[in-house]
Each structure stands twice: as C-alpha cells, then as structure tokens.
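Below: one structure, written as structure tokens.
The values are calculated or read from the model by the stated rules, or taken from the named source; none is laboratory data. Just so it is clear, the structure is predicted and the values come from calculations on it, not from any experiment. Glycine also receives a Cβ, built like all others from the backbone with ideal geometry; neighbour counts cover every protein chain displayed.
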C-alpha cells in the first residue's frame, strides 16, 4: 500500500475559532446512523471494506515475538475457507515488535504500525518520544501511532502539544503519523474537536480516538466530531486526513454503522484503507463469521474461527 | 462520478441496498365502514371513497363517506355514552381503559407503523420511531390524569364538557388522533373523530384497538369523510367542544361557524417558523437542526422550521454544509428503512408545493435541490432550498407544507428577531447559539408557542404544543392540554 | 370681591385616553351625558374608529416594554393605582352618584375596586408560578412552559358596572403584561375617564391602557376585527352580539373571551384564571449536555 506522506501546515491554528459542539445534537445524529439498515450486497461489500481497514492490534505487556508472529499469520490468512477476502490494512504493535512483525509479514503488502511516544500515557520527556519514534521507523514501521500529551492539552498548553506533534511528524520521515487524542481523557466533545484541529495542523496524517487502554474508547459521537473536523480541515486546506476509531468496536454491525457515518459525513473518497482504519483486535473474527453466514445462510460459532 | 476534487462526493462507491420493511403481517380490508357506537356500520347513503398509497398511486382500500345523518348517529352514540356509562364511571376506571389503549398500541406498534407509511407516505423510520411510539405514550400520559384532574386546576373543580367533535389532518394521522382522543377521554368526555380523507386507515385501526380495549360503546366514534363531514361534526348542535388541527384558512372558517354557539374550541393551525442560527452556534448540530426542521415528515409539519435565518458571517458555511447534508438524504420508498424523505401525501399537495417552487423562482429566488433520484410513480419532492429571498417573498410569508426551505440572512440579534416575528403565524421557532443569556433573550422574544433552543422538532406527551396569533388557540399536550376538555367550577 | 359661597365651580372636561395623553376624539364629535333628571352632566367624547385605531397603535408600541417589565414592578404599579384611587375615592363616589347610584352603593363599589386592585397587585408575581410547568420529557432536554402575555387586548367593559367592572377586566389583562384598548360603559362613562387619570398618575406607561368613550354599536366591530388585536374581551350583549364578535374575531384567530354572566361585585369574580385567559403558554426546549 502506498501512503504519500504529507507535509504539516506548520501553523498553530487559532483554537478559539474551532466550531463548538453540542453533545446532545451529536448523539442524536450518531444514533440516526444506527437506524440505517444495511442488507444483502451492501452488507457484504461493507464487511469486506471493514476487514481491509483493520489495524490488527496487540498491545499487551505480555506480548512476545511468538504472539506477534501468530497475529501476522492471522493477518495474512484471515479465514482461508472463505475465498476472495481482502487482507487487513496493518498490524499494530509496540516498537520492540516492529522488526518481528516486519519479518513475519514479508512482502504481503500489510503495513506495520507501531505505537510510540511512551504509549499509552505519553508521560515521557520529548527526547525519549522522538528517539522511540526514530527507532520504530528505523526498524521498518510504516506507520506511527503517537499519543498526545493530554495533561498539557488539559492545562491549555496547546503550543506545547502542537510542537510535540510537529516534532514527531518530522521524526517519522516517510512513515505515516496517526495522532491518538485519547478522547476518553479529554472530557468534552468540544475538546475532542479542538484537539483534532490541533493535530491536523501540526501534521497528522490520521487522527485516532483512543489507545484502547482508557474507557470510553471509540464511540460513534466522538468519531463523528472528529470526522466533522476532518471535513472542515479538508475544505480549509484541501488536504485529506485519515480517521481511525480504536477500541471497543468488536461487532460487525457497529463497524458497519461507523462506515455509514463515514460515508454520510466525508463521502466515498475516504472509504478506503488509505483514509480510514479500525483499531481492533476481535472485530475481524466477528466480520468473518458474518461473511460466512452470508455465504452459507447459517449462523456461525466462534469455535470455527482462529483466535490469535 | 464526482468531478470536483475539492468537494465531498456522496454518490459513488458503496450504496445501501433496498431494506424494505415487510408488510405481510399487515392486512388491509377491501372496504372500511364507520365506527359508531362500538360497531362498524355502513354509511346511510352507502357512498365510499378510495384511499391510495401516495408512493405507488395504488388504491389501498375503500372508505365510508359519512354524511350528515351518519354524523348525527355518531354524535347521538357519543351523547348516549357520555350520559351513560362514561360519566358515571369512576375516574380511576376511566383511566384504566385509556392505559389499555396505550398498551395495545405498543403491542401492535409495527403493524400501525407499516399502515401509517403505506397510507400517508411517511418514511417507516419516522412512523416506527416517532409517530406510533409517541401516540402510545400520549395515551399513557393522559390515562394517568383521569383521576387527578383536580390537582391540575388549583382552586377549581374541573368538569367534563360532553361530546367532543374532533377533526384531524393527514400529516401525523395516528399521533393527531391520540392528541385529540387521549385528553378528551381522560377528562371524561366522549368523542366523534374524523381522520383526514387521505389517511384514514390508522384511525380505523385505532377503532379496532378501542374495541379490543373494550371501551363502552360510543365513547369513541370514528367516522371518515372529507371537508363536508368535518363541517357537519363541527356544526352539529349536540357537540360541546370542537378540536381541529389543520390549515389556518379552515380554522378561520371553523371559528366563524362556531360564533355564538357557546361551543368550546381549540385550533392548531398553520405556521411559518423561523429557525435562527447565530454565528456562535454549534454549526454542525445547527445544520442537523435545519434538516430536522424542514425535511422531517417531508416538511408536512405545521411547526416546520421553514424559514432559515442565518447570521451573515456564517451564512456561506451553513449553506455549504447544508447542501452536503442534503446530498445524503434518501428520498423514496416510505417502507424502506433507509428512506429519509418519503412520498408527498397527495397529488393535490404536490401541486401546491410545485406551485410554490415556481413562485419562488418567478420571484427571483435561487432554487437548489439535492441530486437524489426519485421513483417514477408516486408523489415526490426533492429537498429544496431557496436563497436570495427576503421578507417580501411569498415563499417566506406563506406556509408551503413541503420540504422547501427559504433562507435569509441577518446581521444583528434585533434584525433576526424582527424578521422572525414578522409573520401572522406564531406556532414555533428555533434558535441556535452557545451563549446562555442570548438563548433566553431569544426564546422569550420569539412570539410562538413552542421554541426549540439548540434543537428542533421535538415532541413529548408532557410538553404543551400550540400557537400564538394565527397559529391557533389553545394547547395540546401536557398539563396545559387538559384545559381544552374541562369547564372549571369554582 | 366675590365670596367663596358664590364661587363658580370649574367643571371637568371628560376626554379620552390614548398613548398616555388625554386628547379629544379626533372626530370632534360628542354626546351629552344626562342624569336621571335629564340635565347634562358632561359632554363625552364620541370616540371614533380612528380613535380606536390610534389606540391600538399606542397599545402595540407599549407592548414590548410592558410585557418585559418585571412582575414585581407591575405589581407595584397595580398597588400604586390602588393608592391613587383611594386618595381620590370621593371623586369616584361623586361620579357614580351623579350617574344615578346611591351613595352607599357607590362607596361600596369604589372600595371594592380598590381592593380588587390590591388583589391583582399581589398576583403579579405569583400567577406564573401557579400556571407554569417543568415538563418531564423523555429525551435529554430541559423543557418548561411559562405564560406570556397574549398581546394587545381590546376590552368592551361592562355597561352596568362602570368602575368595578372596568377595573376587573382591565387589571387581569395588564397585570399579565398585555396592553389594552378599553371601551367604557356607554351609559356610565365618567369613572372610566377619571380612572384614566388615576392610571396616568400611577406610573402606568403611556399606551398600556387606552380608554375610549362612545357608542358600542359603532365600535364593537372594530374591537372584534382589528388585525393587530390579539384578544377581545366582552361583558355584555345577547347571543347575536356574541356571534358577531366571534365571527369578526376569526379574521386573525383572535382569542375571544366572553364574560357576560359575571357579577363583578362578587368575590368569585376575581381569580387568577382571569389573568390566564389573556396569556399564551410558551414551551421551551433545550438540550442537557456538555
């Protein structure tokens, strides 16, 4: 997959001009997407799309090369019993596992994404974060998933956060940068919107909801606010920025509603793995079960799908 | 395919497959009779009219046309029930009958939803998620009032009025029936109700529910017909109270015809609500509010936000976002679960809407419609906005009752308010701003019975609804909705 | 030198009250008001349609300010009217007597009128609390209903209760923030004009109450049909009169308030439901969120 790296605008945005967000209105709109009924051909197409957008993730303290290799095997062979399946977009691992993943994936056109910047808390000096980023990129990471400094953001140190993202972006070189806002720690949708704008102006290629370590992780309302920020940024600058909801999306039905929301907010141009990802570990199997059911008409058991 | 890379594209790639709600669990009779005195009976003159599906133009059923003799029979049945069982019954028992209606409606909700969408053209998403649940909730709410009325009127003893004659419109057929019947029964009255001629089927099914709930015969009578039938109910000597929802023109005729009769009346009439967007609003939610305001129920809503007033500094942004949003609205089969805008209710209404589209263009306004496809047969109107309009345009002054929005700009709060109130109507209004003090300034200053701040087109059984000025007299819903069905003794 | 006993008294000119001023009728017409002996008491203004029209303009102009005045202020002004009336009660008793009432009954009526003013002065900041509601809607919204003044109210004051009846109809309207145009009792119009003078001295802003004298038959149609009047109150007349008023009121869906059977001397003729009759219920929705 080719990902053209894009330069940051390098300009600190005036956050006082960021549109306000009404929580109840956002929730109502998000709920409306969930009333869409996706059936038959459009469902199969959506499920294939979901698979192709998954960043298959393992981010555990207990991760070992063995675990990462198994996950890579799964990424390449999602469910060989079903022909014509796409492969996932990327494997997402800790920096120390980038080399392992890179090797295990070979030339299967699946990216390696590495979290960095003292994931998940981000509580480390900037030099450490930069060095960690460089190491991950040097080891072959195609994508870097950084976390913003939420403490600084909540203190109103927007310049600090902006500079940090810009610096990490520079350290990424050709690797794509996803900026995790950790929306579950930001408290309000207004802050989600502001953090999104800040990250995009600082050079984010993607904005991402969550580390998966904090609840709530991705939700439809939070993701909607971020998509709307992406849309406004696109109209303002002409630059497309990708979106990655992560954490808590484990059912096909919910994933499809995320796609409905994407389609009706940003349109079809974003509906590729180049611009949209799901950060998930158990979603893939549920999608596979649904596809198998669509193919056979028979409801499936998890026992027939590999858990890696 | 979208050619302009600077625009968002909504029509290429992944599409939603048709997702029709099944109809096989809903049966429609070949012919419907009048529900009088607890029985279905033929009209004296044995005349019938067709009700059609506005999405297909196919005939659904034949419905009895009630003449004045039938109206008389219905009023007599209502009177007999009033003097008999109903007024002698303990209030708490009366309430239990109304609770029963609510419960049966909940049980049969899907059937009612499908029927409502078939007969009226509204999207199944709305009949399923809004109309039918709200109708049931309305009965549930007023059921509980039946034995508590003295608490609603401090220092007074409320007494029932007698027979209520009720005439309802086609835009929310079952919901309007519930708005009328529930408070009337709770206050101890009996009812003769006439649904609109284009949407009689859910009211007739409600008659079945009322039978199923075992209400005493004649407490609720449902008779079908057109304007003449309605007039016969309104003008019947033995009707004590008239409740009408419909156009201001017909409301005026009713108010005139009731002059000197001493009948109590409530009128829920037309509107031309201003939806006011300030620059400091949460713009994306405001855009959603505009969509809910004017495209909900095909714009067949008396309280629709049919005039958009947007502050000049954000007008361009709001209109651009609105256009993007309009592209994602799906117009078509009302029974498809993904349909956002269903069929226009009748050929007649479609003609009215089309004539206003011509008027708008002839007056020099700029018309924009979304690019969605619409079916070949049936009555359809794409979501439409007009820009470049001013207060003097007819499309700004007159109620269109369709998915047609007139957009104006304003500079200062005072200008916005002046424009908002510059209308003979006063049913509803909307205001969007994040500033608390300004919200209250606006909601107090808009001369209308319902004001939505940072939201629009919300309804609830506990929430009174009704207009100022030419939008009507009286309130329906909530504690205030009881007034219409009682007389107060000191 | 002329002794005090032979002093020529100064007769009062009875004018009408529009926009806080006391003009003569623009029509220049008058009608002589006679006592039971057939002697002319006063030449009253024979108010015209144009006087009515000017009054509605004044009432409309006064409406935004008066309807947004605080309830406390409106209550204080109502109380002030009572104070002024108390101070001038002899004048009102004399006028009632002049128009044929017994002194005892006249005194009773004036006292009852003052007490009625006090009664409504006390309601000014309370009726809202009685009739408002917070509505427990199912969605995440704060929803409440409050009363707001209907607007400009035209009042055909009772013919037989020229002071108490007039005040019993005017005060519930204005205590609730409406402005009004009043047609005084045709056969006993004196107190209405003197009451206008009391209003004028009581901090009631100009235009809030406009009082005309003249012939009912000529003006009733205007009172009922004017398109900038939001509600019409009438207290006299048979079914035919009621029908005519209601028919013409329909032109702009006016609220029609009939109080034909009221006995204004009775205590039950004062209650907050009379305030409510010229109020609209406004319901406001707002999301609850962050």
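Tabulated data
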| quantity | calculated |
| --- | --- |
| Residue match in region C:253-274 (condition: touching a strand residue (DSSP E or B) at 6+ places or on another chain (Cβ under 8 Å) and assigned to a helix (DSSP H, G or I)) | yes |
| Test result for residue C:198, away from chain B (no Cβ under 12 Å) and surrounded by 19 or more Cβ atoms within 10 Å (Cβ to Cβ) | yes |
| Where residue B:444 falls short, out of the listed (1) under 25 Å from the mean Cα position of the chain (by Cα); (2) more than 12 Å from chain C (Cβ to nearest Cβ); (3) without any contact (Cβ under 8 Å) to a residue 12 or more places away in the chain | (2) |
| Scan of region B:171-197 for residues that are surrounded by fewer than 24 Cβ atoms within 10 Å (Cβ to Cβ) and closer than 16 Å to residue B:122 by Cβ, ordered by number | B:175 |
| Options A:71, A:56, A:47, A:82; residue that is within 14 Å of chain B (Cβ to nearest Cβ) and either in contact (Cβ under 8 Å) with a residue 12 or more places away in the chain or not in a loop (DSSP other than H, G, I, E, B) (or both) | A:47 |
| Any hit, region B:410-419, residues being under 30 Å from residue B:364 (Cα atoms), part of a strand (DSSP E or B) and either facing chain C (nearest Cβ under 9 Å) or over 17 Å from the mean Cα position of the chain (by Cα) (or both) | yes |
| Verdict on residue A:269 being assigned to a helix (DSSP H, G or I) and in contact with a strand residue (DSSP E or B) (Cβ under 6 Å, 6 or more places away or on another chain) | no |
| Residue in region A:92-100 that is within 14 Å of chain B (Cβ to nearest Cβ) and in contact (Cβ under 8 Å) with a residue 24 or more places away in the chain present | no |
| Any hit, region B:66-75, residues being on the phi > 0 side of the Ramachandran plot and modelled with pLDDT of 95 or more | no |
| Boolean, residue A:296 is over 17 Å from residue A:86 (Cβ atoms) and crowded, with 24+ Cβ neighbours inside 10 Å | no |
| Flag if residue B:477 is buried (at least 21 other Cβ atoms within 10 Å of the Cβ), in contact with a strand residue (DSSP E or B) (Cβ under 8 Å, 6 or more places away or on another chain) and closer than 30 Å to residue B:164 by Cα | yes |
| Boolean, residue C:229 is away from chain B (no Cβ under 13 Å), closer than 30 Å to residue C:25 by Cα and within 15 Å of the chain's Cα centre (by Cα) | no |
| Residue selected from region B:238-268 under the condition under 20 Å from residue C:243 (Cβ atoms) and more than 14 Å from chain C (Cβ to nearest Cβ), by the criterion surrounded by the most Cβ atoms within 10 Å (Cβ to Cβ) | B:239 |
| Residue B:382 vs. criteria at pLDDT 95 or above and under 26 Å from the mean Cα position of the chain (by Cα) | yes |
| Number of the condition not met by residue C:247 [criteria: (1) surrounded by fewer than 24 Cβ atoms within 10 Å (Cβ to Cβ); (2) within 9 Å of another protein chain (Cβ to nearest Cβ); (3) in contact with a strand residue (DSSP E or B) (Cβ under 6 Å, 6 or more places away or on another chain)] | (3) |
| Among (1) more than 11 Å from every other protein chain (Cβ to nearest Cβ); (2) surrounded by fewer than 22 Cβ atoms within 10 Å (Cβ to Cβ); (3) in contact (Cβ under 8 Å) with a residue 40 or more places away in the chain - the single one residue B:313 does not satisfy | (3) |
| Condition met for residue B:16 (more than 14 Å from chain A (Cβ to nearest Cβ) and modelled with pLDDT of 95 or more) | no |
| Filter result for residue B:451 (in a strand (DSSP E or B) and under 20 Å from residue B:318 (Cα atoms)) | no |
| Leading residue by the ranking (nearest to the other protein chains (Cβ to nearest Cβ)) among those in region C:134-156 that are crowded, with 18+ Cβ neighbours inside 10 Å and more than 36 Å from the chain's Cα centre (by Cα) | C:137 |
| Residue ranges of strands (runs of 3 or more DSSP E) in region B:1-107 with at least 3 members in contact with a strand residue (DSSP E or B) (Cβ under 6 Å, 6 or more places away or on another chain) | B:34-36, B:48-53, B:58-64 |
| Scan of region A:247-267 for residues that are within 13 Å of the chain's Cα centre (by Cα), surrounded by 23 or more Cβ atoms within 10 Å (Cβ to Cβ) and more than 14 Å from chain B (Cβ to nearest Cβ), ordered by number | A:247, A:249 |
| Checking residue C:64 against (1) assigned to a helix (DSSP H, G or I); (2) surrounded by 16 or more Cβ atoms within 10 Å (Cβ to Cβ); (3) under 20 Å from the mean Cα position of the chain (by Cα); (4) within 14 Å of chain B (Cβ to nearest Cβ), the condition it does not meet | (2) |
| Which listed residue, of B:57, B:39, B:21, is at pLDDT 95 or above, away from every other protein chain (no Cβ under 14 Å) and more than 20 Å from residue B:216 (Cβ to Cβ) | B:57 |
| Residue that is farthest from the other protein chains (Cβ to nearest Cβ), among those in region A:205-214 that are crowded, with 22+ Cβ neighbours inside 10 Å and on the phi < 0 side of the Ramachandran plot | A:211 |
| Complete set of residues in region B:316-352 that are more than 11 Å from chain A (Cβ to nearest Cβ), touching a helix residue (DSSP H, G or I) at 6+ places or on another chain (Cβ under 7 Å) and assigned to a loop (DSSP other than H, G, I, E, B) | B:334, B:335, B:342, B:344, B:345 |
| Lone qualifier among A:187, A:159, A:151 - being surrounded by fewer than 18 Cβ atoms within 10 Å (Cβ to Cβ), at positive phi and out of contact with any strand residue (DSSP E or B) (no Cβ under 9 Å at 6 or more places or on another chain) | A:187 |
| Residue in region C:206-215 that is in a loop (DSSP other than H, G, I, E, B), under 13 Å from the mean Cα position of the chain (by Cα) and closer than 20 Å to residue C:277 by Cα present | yes |
| Residue list for region A:179-204, filter: within 14 Å of another protein chain (Cβ to nearest Cβ) and touching a residue at least 60 places away in the same chain (Cβ under 8 Å) | A:188, A:189, A:190, A:192, A:193, A:194, A:197 |
